[in-house]
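S.K.: Following this message is one structure expressed as structure tokens.
The values are calculated or read from the model by the stated rules, or taken from the named source; none is laboratory data. Nothing here was measured: the structure is a model prediction, and the numbers come from that model. With ideal geometry, Cβ positions are generated from the backbone for all residues, glycine too; neighbour counts draw on all protein chains shown. These area figures cover heavy atoms from the full protein model, side chains too; ligands, DNA and RNA do not enter into them. Shrake-Rupley method; radii C 1.70, N 1.55, O 1.52, S 1.80 Å.
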Amino acid sequence: MSPVGGVGINYAIQDAVVAANVLSHALKSGRLHPGHLAMVQRQRELPTRVIQAFQALMQKRLVARALDPDQPFTPPVFLRLPICASCCHG
Ligand SMILES: Cc1cc2nc3c(=O)[nH]c(=O)nc-3n(C[C@H](O)[C@H](O)[C@H](O)COP(=O)(O)OP(=O)(O)OC[C@H]3O[C@@H](n4cnc5c(N)ncnc54)[C@H](O)[C@@H]3O)c2cc1C
């Protein structure tokens, strides 16, 4: 997962919680089968695809432009709000 938004660890923890909830009983009873893994994927695929689509959009629209030396860059309004200014500069 991209670092954009700093949400990767949060999603990894959510993945781990769902995996533990779905797999732990089947693992303990020795009855784990691929269907259990499919259940984890069903619960986690949509939120993961949504956040990755958002990250790709931010990467393309914001990060790539900010890093392009040939283009002048003005941060979007939400990054110029006073609340953001104080948290970014300590
Ligand atoms: C440069 C960078 C900066 C980031 N910054 C942030 C940030 O500031 N905040 C944030 O929240 N997120 C950040 N992220 C995203 C975050 O690191 C990931 O989303 C998160 O680490 C995913 O955790 P994970 O446990 O799902 O996978 P991973 O952390 O990738 O762990 C998977 C582990 O499984 C192991 N593995 C793979 N295949 C096998 C196998 N067959 N058998 C055994 N082991 C295997 C791998 O070696 C690895 O140790 C960043 C990512 C990058 C690349």
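S.K.: Within the chain, considering only helices (runs of 4 or more DSSP H) that don't extend past its boundaries, which have at least 1 residues that are in contact with a Gly (Cβ under 8 Å, 6 or more places away or on another chain) and within 16 Å of the ligand (Cβ to nearest atom)? If you could, list the steps in order and put the result at the bottom.
M.R.: Values: elements: 8-28, 34-58, 64-67, 77-80, 82-89.
Helices (runs of 4 or more DSSP H) meeting the threshold: 34-58.
S.K.: Looking at this structure, is Leu79 open to solvent by less than 100 Å² (accessible area, probe 1.4 Å), at pLDDT 85 or above and of a type outside the set (Asp, Glu)?
M.R.: Numbers: open to solvent by less than 100 Å² (accessible area, probe 1.4 Å): yes; at pLDDT 85 or above: no; of a type outside the set (Asp, Glu): yes.
Answer is no for this residue.
S.K.: Moving to a separate point now. Among the residues of the stretch 1-53 satisfying the criterion of being surrounded by 14 or more Cβ atoms within 10 Å (Cβ to Cβ) and among the β-branched types (Val, Ile, Thr), which is nearest to Arg65 (Cα to Cα)?
M.R.: Checked the stretch 1-53; the qualifying residue nearest to Arg65 (Cα to Cα) is Val4.
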